[in-house]
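A.B. asks: What follows is a structure written as structure tokens; I'll ask about it next.
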Amino acid sequence: MPGFMLGKTHVPHRKNTAGMESVRMPVPETVIIPTSQHIGAPATPTVKVGDTVYVGTKIGEAGGYVSSPIHSSVSGKVKKIDSLLLVGGRSCAAIVIESDGLMTPDPSVAPPKVDNLDGFIAAVRESGLVGLGGAGFPTAVKLDAEKKGLIHRLVINGAECEPYITSDTLTMRNDADYIREGVKLLQKYLTLEEVFIGIESNKPDCIEKLRETFSYDETVKVVSLPSTYPQGAEKVLIYNTTGLIVPEGGLPADVGCLVMNVTSVAFLAKYFETGMPLVEKCVTVDGSAIKNPMNVIAPIGTPVEKLIEFTGGFSKEPGKIMYGGPMMGSAMYSAEYPVLKNTNAIVALDKKDAKPPVQRNCIHCGRCVAACPIGLNPTLFARSMKVEDKAERAARLEEAKIGLCMECGCCSFVCPSARPLVQTNRLAKADLRANGAKK
Amino acid sequence: MNKLTVSSSPHIHTSNSTQRIMLDVIIALLPTAVAGTVIFGLGSLLVMGVCVATAILSEFLFNIIVKKEQTVSDLSAIVTGLILALNLRADTPWWQCMLGTVFAIIVVKCLFGGLGCNFANPAITGRIFMMMSFASAVGGGAVPSIVEVSSSATPLELISGNKAGALPSLWDMLLGLRGGAIGEVCALAILLGFAYLVYRKVIHFETPLIFVGTVFVLSLIITNDLTLSLYQVLSGGLLFGAVFMATDYVTTPITRTGKMVFAVGCGLITVLIRFFGSYPEGVSFAILLMNILSPYIEKWTAKRPLGGKKA
């Protein structure tokens, strides 16, 4: 552990649902399953309209190396295959399935038989598992680093640093045994010298529970992280648990680390027990427009409006609905969007909270510089973006190290003048890709 | 379905605001303003009133004339007007106050693009403008109205031998019973404002501490006299400048280490001017010179990002 920990922005916790148990919602009439629920190429649909599918039936094949298959989350019939505009701005195909309400599992679902690393990675790929913390990076691709002998330690993310979200808290509290089995699986197939589990100190019960669960294994260390944002950001988490620094332009594997979300680890164990791919998610439904905040277990593809309806609907007219927490979540265009594999929360804010804050001039106060967990100067990016000359602009952005920005949003959050700092950084990254030096 | 807002994250924002920060600075200035009024009489109120009103009005009119969005509500004009007023003698004629304020707001701030775009502190530059134009507004002490003071000369003028008279006691210096500008005499009131700003996390405690500390240590080295060094700390505009002007966000380095370097530089230049220059007081010039160096200090003290390769 390092001497001091990174990430010290005090965002509100609002963990209203922390003490509640999750509730399983009834099967929705239809589910919408996009082929792109992960970073990388969309899956290729393997079903046609009219096909009968079951829970766990593969309906889309991985569309490339960095990709993931998709599975039906209900039993029923494929109603249509539509194009869906994703919240990120790209489009992909979406398979709409009409549920028969029976939730019949696919007869081919059986625990995978695995006896070596290749088999393990192939099975993980077939499970459809992607990073459940929110990023949605295909897990099997990460595991591939083991083949090159790069992975020496596993860092499990139980920080859950976003406001509102408590679905990982529930996993740690209720599924500690699955987390243990998941770690055992990873220890079996990977060469793990150490395992770190980072949990924010605002969840003492989870820290206690996991320390107890892993008391038999001294290579597993449960690390109490400060309750400040962004403890769950990959580089911050790696530094705060292991003391290692991921180099510029590098990946966690460059410092021998594999980072996985705690719910992803628990899912691995469940998958190897039953063979049921990733078809449902525990989702925190909360926010100022939500009447009854709660954690709901919902089939992937459940329309958000049905999910919110199940919790009791809106208390106020919603002004903004987002996937994930309010620091890094993506706002959606309508409540007809489905729950995705990497959806850990649906947060709905009322009209008042959705109103953007009043922007004023930068007063150079330095709060953003102090808040950046990586130690960047966000005002430099904003200033560089005003440079007219494309080459000069690109050079300045690179000098200010725009590539290191992980878009955690601390700078924008703390800015008293409400400057759109991280938003500018996103623009700057795209600008640099378009105009930067061709290497 | 009603219309939803779609925007890039983050979707929540701090409860702090620029307006709130400016309000905090105004609150922190109040003890000093009250003390100045008690010490120098109602003339102080007139000076403060004229400066603040002129500041608001000139920014308001400037924005209208150049068709810019109205910015008066950010309260920064009030801060500038108030700080400038506190830098003046209580008997400064109203038209001089107005001219100085117009210079600070229009020339130093608005013409450079308004709040956040100026490279020099408006209040300091306004003070220097007035010092050059009407020497009596800033230099030379006004006489406190509530006590008998043997000389109208400021302690710094007395120490430097420019004027004859007896020095006030250190206790009087702390309370502010001496000649000087409205806001710079009462050390206790300034410290109260300092404590408030630190408590509200508007400023870091280091800048004023290092600035004043540098002046104290260098004075001690030069004079080898503890009492005289304490007079150096309590005299002139040092405490006021260190707490309210050297901590200005806009014109100081953005990094915390940069702010420390800035403070050391301010202290050094203040001492050089006080002991070796022709002016008895050097705080304003020190801060102004360091304002100009700020972008360079900022560059030298840039943090190395986590994992960042050396360029």
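Just so you know, all these numbers are worked out from the coordinates, no wet-lab data involved. Note that the structure is predicted; figures quoted are calculated from it, not measured. Reconstructed Cβ throughout: ideal geometry from the backbone, glycine too, with neighbour counts over all protein chains shown.
A.B. asks: Among all helices in chain B defined by DSSP H, which have a length of 20 Å or more along the axis from Cα atoms plus a Kyte-Doolittle mean of at least 1.0?
C.D. replies: B:18-40, B:43-65, B:206-223, B:256-276, B:283-300
A.B. asks: Using the crude model of +1 on Lys and Arg Cβ and -1 on Asp and Glu Cβ, and no other charge, please compute the dipole size for the stretch A:1-123 relative to its Cα centre, in debye to 20.
C.D. replies: Rounded to the nearest 20 debye, it is 460 debye.
A.B. asks: Among all stretches of chain A without exposed chymotrypsin sites (Phe, Trp or Tyr not before Pro) (DSSP loop, at most 16 other Cβ atoms within 10 Å), which one is longest?
C.D. replies: It runs A:66-215.
A.B. asks: Name the aspartates and glutamates eligible as straight-distance cross-link partners of A:Lys148: C-alpha to C-alpha under 14 Å, and not fewer than 8 places from it in the same chain.
C.D. replies: A:Asp118, A:Asp254
A.B. asks: Oh, and also: Cα-based Rg of the stretch A:367-435 per 2.2 N^0.38 Å, rounded to two decimals?
C.D. replies: Dividing the Cα Rg of the stretch A:367-435 by 2.2 N^0.38 Å gives 1.02.
A.B. asks: OK, next. Relative contact order for chain A: what is it in percent, counting Cα pairs under 8 Å that are at least 6 residues apart?
C.D. replies: Relative contact order, chain A: 18 percent.
A.B. asks: Ok, one more. Give the relative contact order (percent, whole number) for the stretch A:287-439; include only Cα pairs under 8 Å separated by 6+ residues.
C.D. replies: That works out to 21 percent.
A.B. asks: Between A:Thr219 and A:Asp177, take the C-beta separation as r, use R0 = 22 Å, and let me know the FRET efficiency to the nearest 0.05.
C.D. replies: 0.75
A.B. asks: Could you state the number of Å between the C-alpha centres of the stretch B:17-41 and the stretch A:109-150?
C.D. replies: 63
A.B. asks: Full-extension gain between A:Glu399 and A:Val66, please, as 0.36 nm times their residue separation minus the C-alpha to C-alpha distance.
C.D. replies: Gain on extension, A:Glu399 to A:Val66, equals 116.9 nm.
A.B. asks: Hey, what number do you get for chain A at 222 nm if only DSSP H runs of n ≥ 4 count, each worth -39500 (n - 2.57), divided across all residues, to the nearest 500?
C.D. replies: Values: 14 runs with 123 residues, N = 439.
When only DSSP H runs of four or more count, the value is -8000 deg cm²/dmol.
A.B. asks: Would you mind checking the stretch A:183-224 for residues with the amide N under 18 Å from a putative spin-label position 7 Å along Cα→C-beta of A:Leu251?
C.D. replies: Backbone N within reach: A:190-192.
A.B. asks: Treating chain B as a set of equal point scatterers at the Cα positions, no solvent, please give the Debye-formula log₁₀ I(q)/I(0) at q = 0.16 Å⁻¹.
C.D. replies: Result of the Debye calculation: -1.34.
A.B. asks: Pulled fully out, how much extra length does the chain show between A:Asn435 and A:Glu273, if you take 0.36 nm times their separation in residues and subtract their Cα-Cα distance? Each step should come with its number before you reach the end.
C.D. replies: Numbers: separation 162, 0.36 × 162 = 58.32 nm, distance 4.96 nm.
Stretched out fully, the A:Asn435 to A:Glu273 stretch lengthens by 53.4 nm.
A.B. asks: Pairs to check: A:Lys142/A:Lys188; A:Lys316/B:Lys3; A:Lys15/A:Lys142; A:Lys113/A:Lys203. Give those whose C-alpha atoms are more than 25 Å from each other in this structure.
C.D. replies: Where the Cα-Cα span goes over 25 Å, the pairs concerned are A:Lys15/A:Lys142; A:Lys113/A:Lys203.
A.B. asks: Just checking the output field for A:377-389: average partner chain Cβ neighbours within 10 Å of each residue's Cβ?
C.D. replies: Details: counts 6, 1, 3, 3, 0, 0, 0, 0, 0, 0, 0, 0, 0.
That works out to 1 on average.
A.B. asks: What distance in nm lies between label points placed 7 Å from Cα along the C-beta direction at A:Met385 and B:Ile221?
C.D. replies: Going by the 7 Å Cα→Cβ label model, 4.5 nm.
A.B. asks: May I pose another question? Relative to 2.2 N^0.38 Å, what does the C-alpha radius of gyration of the stretch B:178-250 come to as a ratio? Two decimals please.
C.D. replies: Output field value: 1.12.
A.B. asks: At 7 Å along Cα-to-Cβ for each site, give me the label-to-label distance between B:Cys117 and B:Leu61 in nm.
C.D. replies: 2.0
A.B. asks: Continuing with this model, one more query. If I model a spin label at B:Arg20 and A:Lys184 as a point 7 Å from the Cα along the Cα→Cβ vector, what separation in nanometres do I get?
C.D. replies: Those two pseudo-labels are separated by 5.0 nm.
A.B. asks: Quote the FRET efficiency, to the nearest 0.05, computed for A:Gln359 versus B:Lys299 with a Förster distance R0 of 30 Å and r equal to the Cβ-Cβ distance.
C.D. replies: Details: r = 27 Å, r/R0 = 0.89.
Given R0 = 30 Å and the Cβ-Cβ separation, E is 0.65.
A.B. asks: Further question on the same structure: Give me a single rounded figure for A:347-357: the average over its residues of other chain Cβ atoms within 10 Å of their Cβ.
C.D. replies: Working: counts 2, 1, 4, 0, 3, 0, 4, 5, 1, 4, 5.
Average neighbour count from other chains, rounded to a whole number: 3.
A.B. asks: Now, a different point. Looking at the protein assembly as shown from every direction and averaging, what is the projected area of its Cα convex hull in nm²?
C.D. replies: The directionally averaged projection comes out at 36.1 nm².
A.B. asks: Also, quick follow-up: For chain A, just give the cysteines left without a disulfide-compatible partner, judged by no other Cys Cβ under 4.7 Å.
C.D. replies: A:Cys92, A:Cys161, A:Cys206, A:Cys257, A:Cys282, A:Cys362, A:Cys365, A:Cys372, A:Cys405, A:Cys408, A:Cys410, A:Cys415
A.B. asks: OK, next. Assuming 0.36 nm per residue, please report the length gained on full extension of the stretch A:Leu427 to A:Lys148 beyond their Cα-Cα distance.
C.D. replies: So the extension gain works out to 97.0 nm.
A.B. asks: For the stretch A:117-274, count all C-alpha to C-alpha pairs, find those more than 18 Å apart, and express that count as a whole percent of the total. Before the final figure, lay out the partial values.
C.D. replies: On the way: 6671 of 12403 pairs.
For the stretch A:117-274, the share of Cα pairs beyond 18 Å comes to 54 percent.
A.B. asks: For A:Glu248, A:Glu280, A:Glu273, A:Glu388, which order do you get if you count the other beta carbons within 10 Å of each Cβ and list the fewest first?
C.D. replies: Numbers: A:Glu248 15, A:Glu280 19, A:Glu273 11, A:Glu388 6.
The fewest-first ordering by Cβ neighbours comes to A:Glu388, A:Glu273, A:Glu248, A:Glu280.
A.B. asks: Another one. Picking from A:Gly133, A:Gly89, A:Gly101, which is most flexible by a Gaussian network model of chain A using Cα springs under 10 Å?
C.D. replies: Its mean-square fluctuation being the largest, the pick is A:Gly89.
A.B. asks: Cα-Cα over 21 Å: which of A:Lys184/A:Lys221; A:Lys390/B:Lys303; A:Lys235/A:Lys320; A:Lys58/A:Lys306?
C.D. replies: A:Lys390/B:Lys303; A:Lys235/A:Lys320; A:Lys58/A:Lys306
A.B. asks: Moving to a separate point now. How about B:Lys67: which lysines have a C-alpha closer than 28 Å to its C-alpha, ignoring those fewer than 8 places off in the same chain?
C.D. replies: Cα-Cα hits under 28 Å: A:Lys355, A:Lys386, B:Lys109.
A.B. asks: Ok, one more. For a quick check of your reading of the filter: which GluC sites (Glu not before Pro) in the stretch A:19-123 sit in a DSSP loop and have no more than 10 other Cβ atoms within 10 Å? Let's see the in-between values first.
C.D. replies: Details: sites: A:Glu21, A:Glu29, A:Glu61, A:Glu98; in loops: A:Glu21, A:Glu29.
Hits after loop and neighbour filter: A:Glu21.
A.B. asks: What would the Debye equation give as log₁₀ I(q)/I(0) for chain A at q = 0.08 Å⁻¹, counting only Cα atoms as equal point scatterers?
C.D. replies: Taking Cα atoms of chain A as identical point scatterers yields -0.45.
A.B. asks: Ok, one more. Taking 8 Å as the Cα distance limit and 6 or more residues as the minimum spacing, I'd like the relative contact order of chain B as a percentage.
C.D. replies: 17
A.B. asks: DSSP beta bridges in the protein assembly as shown, what fraction antiparallel, as a percent rounded to 5?
C.D. replies: Beta bridges within the protein assembly as shown, antiparallel portion: roughly 60 percent.
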